[in-house]
């Protein structure tokens, strides 16, 4: 009986999140804010289960995942399960994190727990990367390079300064203005 209650709760959570997103996409700002707040709690639990050995990474990955959901919200197909779409986005962010960490720290941790993530890959991530690359190409170097170094490659501000050959303030401003410009481009396409 306990398992049935869990399934009912998951179904009602799915329905509620889906309705909030659809209302938000229709222009209801309070519904969209409620969607992001409830989705935050849902994703935080989802990520904690997968980052048991890296608990300090949960909040950063949560923010990256929420930003990706927000930026890709126009791609959601209302006929498909919302949590599957959101989980796919979060899994790709998790894969990116694991890749960054393995490159940066040469971790030898086995990825057995993440096998399901790699196995569930589909064309959506490749399409999203292609779309992002096309959008990034439209930005000037002073915005594109800081975004690539800090947001995509996961470099710190100091590392991005060295990689881009820019001042710290220019890197920070470039990220801020670049993300703002990307959001405007996405809005214009929708």
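The values are calculated or read from the model by the stated rules, or taken from the named source; none is laboratory data. None of the values given here were measured: they were computed from a predicted structure. Virtual Cβ from ideal backbone geometry, glycine too; neighbours counted across all protein chains shown.
Couple of notes before you dig in:
- Residues satisfying the stated conditions in segment 148-184, i.e. assigned to a loop (DSSP other than H, G, I, E, B) and touching a residue at least 12 places away in the same chain (Cβ under 8 Å): 153, 154, 166
- On the stretch given as segment 1-23, residues that are modelled with pLDDT under 90, surrounded by 10 or more Cβ atoms within 10 Å (Cβ to Cβ) and either in contact with a helix residue (DSSP H, G or I) (Cβ under 6 Å, 6 or more places away or on another chain) or not in a helix (DSSP H, G or I) (or both) total 1.
- Exclusive hit being in a helix (DSSP H, G or I), within 18 Å of residue 20 (Cβ to Cβ) and in contact (Cβ under 8 Å) with a residue 24 or more places away in the chain, set 39, 61: 39
- Flag if residue 56 is over 24 Å from residue 179 (Cα atoms) and either part of a helix (DSSP H, G or I) or free of Cβ contacts under 8 Å to residues at least 60 places away in the same chain (or both): yes
- Filter pass, residue 70 being in a helix (DSSP H, G or I), at pLDDT 90 or above and in the same structural domain as residue 16 (by TED's automatic domain parsing): yes
- Residue 163 vs. criteria surrounded by 12 or more Cβ atoms within 10 Å (Cβ to Cβ) and more than 21 Å from the chain's Cα centre (by Cα): yes
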